[in-house]
Amino acid sequence: MTNHERWIEKYVQAALEVRGELMLDRINAARKAIAERLKQLEGDSNHHSERHQIGSALVSLMVLEEESHRWSAVAGHPNQKAPPA
């Protein structure tokens, strides 16, 4: 599996995760894989499309994390912080 495929796989796993207790771990794994890929792309002026995809994925992960916190607060999970008002 290439590093391009790895971050996409981790992102999709986070996006499709339905178990709240695993959501933040999936999000963090996706962010880590994205950071590793961006490190590889440093100094490389190609990969414009992939960089755009990464940017969109990071925004989506942020929204997913916010929603995860919101749902955890609604469900009353004490281990999750409540979303900002």
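The values are calculated or read from the model by the stated rules, or taken from the named source; none is laboratory data. Because the structure is predicted, anything quoted here is derived from the model rather than measured. Please note: Cβ atoms are built from the backbone with ideal geometry, for glycine as well, and neighbour counts cover all protein chains shown. What goes into the accessible areas is simple: the full protein's heavy atoms, side chains included, and nothing from ligands, DNA or RNA. Shrake-Rupley method; radii C 1.70, N 1.55, O 1.52, S 1.80 Å.
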| task | Give me the pairs, please: first residue somewhere in region 20-41 and within 13 Å of I54 (Cα to Cα) and of a type in the set (D, E, K, R), second residue anywhere and at pLDDT 95 or above and open to solvent by 20 Å² or more (accessible area, probe 1.4 Å), beta-carbon distance under 8 Å, and either six or more positions apart or on two chains. | result | R31/L58; K32/K10; E36/R6; R37/R6
| remark: When (1) in a helix (DSSP H, G or I); (2) free of Cβ contacts under 8 Å to residues at least 24 places away in the same chain; (3) open to solvent by 60 Å² or more (accessible area, probe 1.4 Å); (4) not aliphatic (A, V, I, L, M) are applied to G55, the one that fails is (3)
| request: Test A35 against the criterion of being under 9 Å from the mean Cα position of the chain (by Cα) and of a type outside the set (V, I, T), and give yes or no. | output: no
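Determine, yes or no, whether A14 is in contact with a helix residue (DSSP H, G or I) (Cβ under 6 Å, 6 or more places away or on another chain), closer than 19 Å to T2 by Cα and either surrounded by fewer than 17 Cβ atoms within 10 Å (Cβ to Cβ) or modelled with pLDDT of 95 or more (or both).
So A14 fits the description; yes.
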